[in-house]
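A.B. asks: Below you will find the structure I want to go over with you.
Each reported figure results from applying straightforward, stated rules to the coordinates on display, with no laboratory input. Note that the coordinates shown come from a computational prediction; the quantities given were computed from them, not determined experimentally. Counting neighbours? That spans all protein chains shown, and the Cβs are built from the backbone with ideal geometry, glycine included.
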Amino acid sequence: MACNSVPIDTSHLPYCFTRFPVRIHKDKEEIHRFTLELIDATKKEDSKAHKHSLYKYAFGPDMNIYSLSWCEAELDKMKLLIDFIELTWAHDDVAEEEPLENAVAESERLCRAMYEEYDDEPVADNGFGLRIRRFRDIRDRMKAIDAVGWLEIRDATEEWLHIDTKLKDFESLEEYLNIRKVHVGNKITTSFIRWTMGIRLSEAELAFIEPYTDCIGVWLGLMNDYMSWKRERTQPTDRVVNSIHLVMNRYNLPEEAAVDMIRGVLVRQEGKVLEMSEDLNGRTGLSTGMRIYIQNLEYYAGGLFYWHFLAPRYTKPQSFDPERAD
């Protein structure tokens, strides 16, 4: 399989930086150009959504989350991935500001857009209706390339779209993280590794690797919670999905102590992922596809950490004032 990525030198970063390898797609400029053009084409200029989307990519091609997370993806498939994920992120951003009942209903309608049998349902002439129509179009284009891989993405996305129904006042961090690994979208994003690289794993292989991808999902949820806390702590929503918020409330901890606690849990979870990765890489009898997938799960984790660590979205959290872009 051709190599589509190059390594990133992280030696200048603080010693606490992740131990995962970090690489970036060799076509990072084209990927970044496509991302910005898609945002401009699908979001009203100078709107809150438009400003926030552009802010995620303010550091240019070297900090494009797609080039970092799916660094070995085939370029044409990468563009469909970007279209799909930008749409689901847009849905998630809107849903976070909706009452839970409305968010669940809209997620159910978006979910149905992944099934042709619902294509006769009327679509409103508004922003949500536009997302429905786009989702149907993306579905058809993805299926035309790889129908089997699309089913894995569809099933993972359906679980994610319904995850808000499982949010509650969790009794423990462990209970929360069991939901958070799905809520953070890990199953969707890892299925895209396989889809964009044409990796086909059997049902037995997918079951075999699931504990490892779940371990990464828990780590990703913790990492996102920790990195985004300064941004999310003032976000207007009736449901804060963040482990720092949980331990503050559950254990009556001051904010600083809760942040330190989650940082420690995050470091230990990264250690678990790395131990599992070492064990898997040392095994014999794994298929070529499985070995490539394991390697790219490491690149995916490293790329996401690198992006969260340096992105202005988290290093300089933007305001939720719709009149401001920073």
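A.B. asks: For a quick check of your reading of the filter: which chymotrypsin sites (Phe, Trp or Tyr not before Pro) in the stretch 163-266 sit in a DSSP loop and have no more than 14 other Cβ atoms within 10 Å? It would help to have the intermediate numbers written out before the result.
C.D. replies: Numbers: sites: Phe170, Tyr176, Phe192, Trp195, Phe208, Tyr212, Trp219, Tyr226, Trp229, Tyr251; in loops: Phe170, Tyr251.
Answer in residue order: Tyr251.
A.B. asks: Mind listing the long-range amide H neighbours of Arg23? Cut-off is under 5 Å, sequence gap 5 or more, other chains count too, H placed in the peptide plane at 1.01 Å from N.
C.D. replies: Ile8, Gly303
A.B. asks: Calculate the dipole size of the chain relative to its Cα centre from +1 charges on Lys and Arg beta carbons and -1 charges on Asp and Glu beta carbons; express the result in debye to the nearest 20.
C.D. replies: Values: 42 positive and 58 negative charges, 162 e Å.
In debye, rounded to 20, the chain gives about 780.
A.B. asks: Let me ask you something else. Find the all-direction average of the projected area of the Cα convex hull for the chain, expressing the result in square nanometres with one decimal place.
C.D. replies: Numbers: hull surface 66.9 nm².
Averaging across all directions leaves 16.7 nm² for the Cα convex hull.
A.B. asks: Pick out, from Ser228, Ala207, His183, the residue whose Cα sits farthest towards the positive end of the charge dipole of the stretch 118-247, with +1 on the Cβ of Lys and Arg and -1 on the Cβ of Asp and Glu.
C.D. replies: The residue sitting farthest along the positive end of the dipole is Ser228.
A.B. asks: I'd like the Karplus ³J(HN,Hα) series for the stretch 272-277: coefficients 6.51, -1.76, 1.60, θ = phi - 60°, whole numbers in Hz, and an x wherever there's a Gly or Pro.
C.D. replies: Rounded to whole hertz, the list is 5, 4, 5, 5, 5, 4.
A.B. asks: Let me ask something else about it. Would you be so kind as to identify which of Leu13, Ile138, Thr288 lies farthest towards the positive end of the dipole of the chain, taking Lys and Arg as +1 and Asp and Glu as -1 on Cβ and the Cα centre as origin?
C.D. replies: Among Leu13, Ile138, Thr288, the one farthest towards the positive end of the dipole of the chain is Leu13.
A.B. asks: Okay, next question. Which one of Gly271, Gly302, Gly285 has the biggest mean-square fluctuation once the chain is modelled by GNM with Cα springs under 10 Å?
C.D. replies: Checking each option, the largest mean-square fluctuation is seen for Gly285.
A.B. asks: Can you tell me the dipole magnitude for the stretch 1-46 around its Cα centre, using point charges on the Cβ only (Lys, Arg +1; Asp, Glu -1), in Debye to the nearest 20? Mind showing how you got there, number by number?
C.D. replies: Details: 7 positive and 8 negative charges, 63 e Å.
Charge dipole, the stretch 1-46, about its Cα centre: 300 debye, nearest 20.
A.B. asks: Here's a follow-up. Fewest first, what order do Leu68, Leu266, Leu274 take by the number of other Cβ atoms within 10 Å? Don't jump to the answer; show the numbers that get you there.
C.D. replies: Working: Leu68 26, Leu266 22, Leu274 17.
The fewest-first ordering by Cβ neighbours comes to Leu274, Leu266, Leu68.
A.B. asks: So what is the calculated 222 nm ellipticity per residue for the chain, using -39500 (n - 2.57) for each DSSP H run with n of 4 or more, over all residues, to the nearest 500 deg cm²/dmol?
C.D. replies: Values: 14 runs with 212 residues, N = 326.
Calculated at 222 nm, the ellipticity per residue is -21500 deg cm²/dmol.
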